[in-house]
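A short write-up of the structure that comes next.
The values are calculated or read from the model by the stated rules, or taken from the named source; none is laboratory data. A quick note: this is a predicted structure, and the numbers were derived from the prediction, not measured. All Cβ positions, glycine included, derive from the backbone under ideal geometry; neighbour counts span all protein chains shown. For accessibility, only protein heavy atoms count, side chains too; no ligands or nucleic acids. Shrake-Rupley method; radii C 1.70, N 1.55, O 1.52, S 1.80 Å.
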Amino acid sequence: MRRFNGIASLTRTIAASVAGCTGQHQVFQAAMISTHASLNSNRRIADHFGISNASVARGVAGTVFFSAAASSLRQEAYAENLLPKDVVLYQYEACPFCNKVKAFLDYNNIPYKVVEVNPMNKKEIKWSDYKKVPILKVDGEQMVDSSDIIDKLFQRINPDKSIPNGDEESKWRGWVDNHLVHVLSPNIYRSPSEALESFDYITTHGNFSFTERLFAKYAGAAAMYFVSKKLKKRHNITDERAALYDAAETWVDALKGREYLGGAKPNLADLAVFGVLRPIRYLKSGKDMVEHTRIGEWYGRMENEVGAPRVIKA
């Protein structure tokens with residue numbers, strides 16, 4: 001997003017971008033439950049180890065299942081410890097790049113606080129040399145740029161995996177940043193009524209005073225209606241809705257019949273597409289997109305997978 005002066009620049013910016021360890025008693029309880037539920041499998045374990053004595057077989061079975069339960073709990077505790085403990089997102093509510101980050105956090109069950117930045121004075125991020133959003137503070141560390149933030153968080157919670165690079169997943173993540181986001185602004189500001197609808201959403205969810213909200217809604221909507229025409233020309237868009245529908249169909253084609261690009265579960269590309277579309281889903285442009293393309297089923301599955309926002313209320 002660009003630096004801006006005044007509400008017109010503000011609207012262009014929005015549009016362009018638009019605990020602890022497990023107790024031993026829990027391990028013991030889990031092991032006992034597993035052992036009790038598995039008494040009928042004692043004979044299979046005895047056969048496997050060549051044990052004929054029933055008492056010895058039961059002892060081996062208990063040890064096996066105790067170890068399995070303890071191992072499972074250790075893995076859960078280890079995964080829990082990899083998650084960030086203190087996460088704060090500095091954002092604009094309607095910013096597609098901010099929503100990319102939120103989709104990742106929500107899907108990975110990472111609770112976070114939200115600080116809504118006032119785009120007119122940005123007082124909430126005066127502490128940072130970086131003057132754009134999103135900014136994510138993770139256990140005191142500043143992270144910037146949506147794709148870089150997601151890469152760092154992915155690596156942190158999946159230390160045994162590498163970031164996808166040069167494959168299908170990274171290709172479509174790039175498509176989101178370099179194409180899909182540029183189709184959105186000409187659509188949500190396509191007409192005066194749609195521009196007003198969009199700015200009503202932005203100012204209702206944004207950090208505005210009453211006066212700023214009124215000014216931003218009407219002056220901003222008028223400004224962005226005209227700015228969107230320039231954006232159309234810049235990105236060689238002749239028909240806004242056709243471009244949006246084409247992007248949606250292109251994404252569905254990329255799935256190749258799979259539930260998600262990631263197969264049985266969403267990958268980073270799925271989360272990126274879902275994230276940038278989430279702010280427009282229930283605006284007129286988003287409703288038209290779902291009605292006139294095949295993307296609705298995938299989007300519905302993603303809503304279920306990502307779930308409700310994990311925002312921590314202040």
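List of remarks:
- Subset of the range 98-109 [in a loop (DSSP other than H, G, I, E, B) and either open to solvent by less than 10 Å² (accessible area, probe 1.4 Å) or basic (Lys, Arg) (or both)]: none
- Selection within the range 75-97 - open to solvent by 20 Å² or more (accessible area, probe 1.4 Å), aliphatic (A, V, I, L, M) and either in a strand (DSSP E or B) or modelled with pLDDT of 90 or more (or both): 88
- Selection status of residue 165, of a type outside the set (Asp, Glu), part of a loop (DSSP other than H, G, I, E, B) and either in contact with a Lys or Arg (Cβ under 7 Å, 6 or more places away or on another chain) or open to solvent by 40 Å² or more (accessible area, probe 1.4 Å) (or both): yes
- In the range 262-278 there is no residue that is assigned to a helix (DSSP H, G or I) and over 18 Å from residue 105 (Cβ atoms).
- For the range 206-214, the criterion of being modelled with pLDDT under 80, closer than 17 Å to residue 93 by Cα and within 24 Å of the chain's Cα centre (by Cα) is met by at least one residue.
- One residue from 254, 223 being surrounded by 18 or more Cβ atoms within 10 Å (Cβ to Cβ), part of a helix (DSSP H, G or I) and not hydroxyl-bearing (Ser, Thr, Tyr): 223
- Within the range 170-192, residues that are hydroxyl-bearing (Ser, Thr, Tyr) reach partners that are in a helix (DSSP H, G or I) with beta carbons closer than 6 Å, at six or more positions or on different chains, in the pairs 185/15; 185/228; 185/231; 189/195; 189/224; 189/225; 189/228.
- Scoring residue 115 on the criteria (1) hydrophobic (A, V, I, L, M, F, W, C); (2) outside any strand (DSSP E or B); (3) at pLDDT 90 or above leaves a single failure, condition (2).
- Of all the criteria given as (1) modelled with pLDDT of 95 or more; (2) out of contact with any strand residue (DSSP E or B) (no Cβ under 8 Å at 6 or more places or on another chain); (3) assigned to a helix (DSSP H, G or I); (4) within 30 Å of residue 83 (Cβ to Cβ), the one not satisfied by residue 301 is (2).
- Any hit, the range 218-229, residues being touching a Pro at 6+ places or on another chain (Cβ under 6 Å) and modelled with pLDDT under 85: yes
- Any hit, the range 133-143, residues being in contact with a strand residue (DSSP E or B) (Cβ under 8 Å, 6 or more places away or on another chain), within 29 Å of residue 282 (Cα to Cα) and open to solvent by 20 Å² or more (accessible area, probe 1.4 Å): no
- Residue check, residue 237 at negative phi, in a loop (DSSP other than H, G, I, E, B) and in contact with a His (Cβ under 9 Å, 6 or more places away or on another chain): yes
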